[in-house]
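Q: Sharing a structure here in structure tokens format.
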Amino acid sequence: MKAIFDSHAHYDDEAFDSDRESLLSSMEEKGVGRIVNVGASLSTTKQTLELTQKYPFVYGAAGVHPDETGELNEENFRWLEWAAGQEKMVAVGEIGLDYYWDNTPREVQKQWFRRQLELAWKLDKPVIIHSREAAKDTLDIIREEGGRDHVMVIHCFSYGVELAREYLDMGHYLGIGGVLTFKNAKKLKEVADFAPLDRILLETDCPYLAPVPFRGKRNDSTKLSHVAEELAAVKGVDADRVLEVTWENACRFYRI
Ligand code: NI
């Protein structure tokens, strides 16, 4: 089997506290070749940086998730910029808008979404977008900030074909994970069918969103083989081909 590239993971999460070291140390022998660990706050960005320094196959992204943007100020934003510029930190993210939880006022989310996009442009890094129940505002801000001229992935893509087309037309990528294997994934399967294979990134978002037959359990990068099989069925190719192309996609996207 071809090696797996997990383009979006959270191994800093406390769900991995009991076995993080042994789990990550076993990844390569289990067929996982590369992982991008994604920051979602200042503290998880710091943990991400530490993981990239410890494991040769782990790369990182620096960013503050919309739910956490209440913690940002000018001083710690300068630290975030420093972190994003460190070696093996290959992207800015995950950043965006989340109107599902609505934990942070929308105006605060929007302000720091824009600031983090500008940071990515300044550092010339690709962007990992988190957008939940905020389709229009996300697209508006990306357009206003000049997102057409930069590369980004819409992580855990949860919208329909029409919005997928908008992002693909701008040159962006779609992140697809365990949800593709769920029984009720009709809309995502349509998107996966519509999107060219060379614009899809495989992602776990672990510890969340484990694919069937592990749904509801703790997810990890080895389980992406189940997503690859499902995507292969949608695309009418074999799973090795999916792993090969998505590996190339992730290397191109993150410039590794
Ligand atoms: Ni995530």
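Q: Nearest 500 deg cm²/dmol is fine: what mean residue ellipticity at 222 nm does the chain get from its DSSP H runs of n ≥ 4 alone, each adding -39,500 (n - 2.57), divided by its residue count? Numbers along the way, then the final one.
A: On the way: 9 runs with 104 residues, N = 256.
Computed mean residue ellipticity for the chain: -12500 deg cm²/dmol.
Q: Carbon and sulfur atoms: what percent of the 1.4 Å accessible area of the chain do they account for?
A: Working: 5210 of 10980 Å².
Solvent-exposed carbon and sulfur of the chain make up 47 percent of the total.
Q: To the nearest 20 debye, what is the magnitude of the charge dipole of the range 1-49 about its Cα centre, counting +1 on the Cβ of each Lys and Arg and -1 on the Cβ of each Asp and Glu? List each step's numbers first, then the result.
A: Values: 5 positive and 9 negative charges, 56 e Å.
Rounded to the nearest 20 debye, it is 280 debye.
Q: Quick check: from the Cα gyration tensor, does the range 1-89 come out rounded (a/c under 1.5), prolate or oblate?
A: Prolate, because a/c is 1.5 or more and a/b exceeds b/c.
Q: On a C-alpha basis, how far is the centre of the range 85-120 from the centre of the range 235-256 in Å? Whole number, if you could?
A: First find each Cα centre; the distance between them is then 26 Å.
Q: Could you give the accessible area per residue of the chain, probe 1.4 Å, as a whole number in Å²? Mind dumping the intermediate values first?
A: Details: 10980 Å² over 256 residues.
In whole numbers, the chain has 43 Å² accessible per residue.
Q: Residue by residue through the range 23-29, what is 3J(HN,Hα) from phi via Karplus (6.51 cos²θ - 1.76 cosθ + 1.60, θ = phi - 60°)? Round to whole Hz and write x for glycine and proline.
A: Per residue, the Karplus-derived 3J(HN,Hα) values read 5, 5, 5, 9, 4, 5, 5 Hz.
Q: Moving to a separate point now. Is the range 128-256 rounded, prolate or oblate when judged by the Cα gyration tensor, a ≥ b ≥ c being the square roots of its eigenvalues, rounded requiring a/c under 1.5 and prolate requiring a/b larger than b/c? Walk me through the intermediate numbers first.
A: Working: a/c = 1.66, a/b = 1.42, b/c = 1.17.
Prolate.
Q: May I pose another question? Please work out whether the chain counts as rounded, prolate or oblate from its C-alpha gyration tensor, where a ≥ b ≥ c are the square roots of the eigenvalues and a/c under 1.5 means rounded, while otherwise a/b larger than b/c means prolate and anything else oblate? Mind showing how you got there, number by number?
A: Working: a/c = 1.55, a/b = 1.17, b/c = 1.33.
Cα axes put the chain in the oblate bin.
Q: Tell me which residues come under 5 Å, amide H to amide H, from Y173 once H is placed; ignore anything under 5 positions away on its chain.
A: M152, V153, I154
Q: With +1 on the Cβ of every Lys and Arg and -1 on the Cβ of every Asp and Glu, and nothing else charged, how large is the dipole of the chain about its Cα centre, in debye rounded to the nearest 20?
A: Working: 32 positive and 44 negative charges, 107 e Å.
Once rounded to the nearest 20, the dipole reads 520 debye.
Q: Okay, moving on. Dipole of the range 168-226, Cα-centred, from +1 at each Lys and Arg C-beta and -1 at each Asp and Glu C-beta, to the nearest 20 debye? Don't skip to the answer; put the middle values down first.
A: Working: 9 positive and 7 negative charges, 84 e Å.
Dipole of the range 168-226, to the nearest 20 debye: 400 debye.
Q: Using per-residue counts of other Cβ atoms within 10 Å, averaged over each peptide, order 200-212, 129-141 from highest down. Please list the in-between numbers first.
A: On the way: 200-212: 22.8, 129-141: 19.5.
Top of the packing list down: 200-212, 129-141.
Q: Moving on to the next point. What are the lysines whose alpha-carbon lies under 20 Å from the alpha-carbon of K2, with same-chain residues fewer than 8 places away excluded?
A: Answer for K2, where 20 Å is the Cα cut-off: K30, K223, K235, listed by chain and number.
Q: On a C-alpha basis, how far is the centre of the range 35-76 from the centre of the range 147-177 in Å? Whole number, if you could?
A: Taking the Cα centre of each part, the range 35-76 and the range 147-177 sit 22 Å apart.
Q: So if I average 1/r over every pair of distinct C-alpha atoms in the range 171-214 and take the inverse, what Kirkwood radius in Å does that give?
A: Averaging 1/r across every pair of different Cα atoms and inverting gives 11.0 Å.
Q: Something else: From the backbone phi of the range 195-211, what are the Karplus-calculated ³J(HN,Hα) couplings (6.51 cos²θ - 1.76 cosθ + 1.60, θ = phi - 60°) in whole Hz, Gly and Pro given as x?
A: 6, x, 4, 7, 10, 10, 10, 7, 8, 8, 6, 5, x, 8, 6, 4, x
Q: Enumerate the amide H contacts of G96 below 5 Å, restricted to partners 5 or more residues apart or on another chain; note that Pro and chain-start residues carry no placed amide H.
A: H130
Q: Sequence neighbours fewer than 8 away in the same chain don't count; with that in mind, list the lysines whose C-alpha is under 22 Å from K110.
A: K122, K125, K136
Q: Now a separate question. Starting at 0 and stepping by 5 Å, how many percent of the alpha carbon pairs of the range 73-191 end up in each bin?
A: Percent of Cα pairs in each bin: 2, 11, 21, 22, 19, 14, 7, 3, 1, 0.
Q: Output ³J(HN,Hα) for the range 217-234: one whole-Hz value per residue in order, computed from phi by the Karplus curve 6.51 cos²θ - 1.76 cosθ + 1.60 with θ = phi - 60°, and x for Gly and Pro.
A: 8, 5, 8, 8, 4, 5, 6, 5, 4, 5, 5, 4, 5, 5, 5, 4, 5, 4
Q: Per 5 Å bin, what percent of the C-alpha pairs of the range 38-121 does each bin hold, from zero upward?
A: All Cα pairs considered, the percentages come to 3, 17, 28, 24, 15, 8, 4, 1.
Q: Moving on to the next point. Sequence gap at least 6, Cα distance under 8 Å: using those rules, report the relative contact order of the chain to the nearest whole percent. Don't skip to the end; give the middle numbers.
A: Values: 505 pairs, mean separation 49.3, N = 256.
Across the chain, relative contact order equals 19 percent.
Q: State the answer as a single residue: which of T45, W101, A61 lies farthest towards the positive end of the charge dipole of the range 1-128, with beta carbon charges of +1 for Lys and Arg and -1 for Asp and Glu, about the Cα centre.
A: A61
Q: Per 0.36 nm of contour for each residue apart, how much would the distance between V108 and D124 grow if the chain were fully extended, relative to their Cα-Cα spacing?
A: Length gained between V108 and D124: 3.4 nm.
The values are calculated or read from the model by the stated rules, or taken from the named source; none is laboratory data. Since this is a predicted model, take the numbers as computed values, not measurements. All Cβ positions, even for glycine, are placed from backbone atoms using ideal geometry, and neighbour counts span all protein chains on display. Protein only, heavy atoms only, side chains kept; ligands, DNA and RNA dropped before computing areas. Shrake-Rupley method; radii C 1.70, N 1.55, O 1.52, S 1.80 Å.
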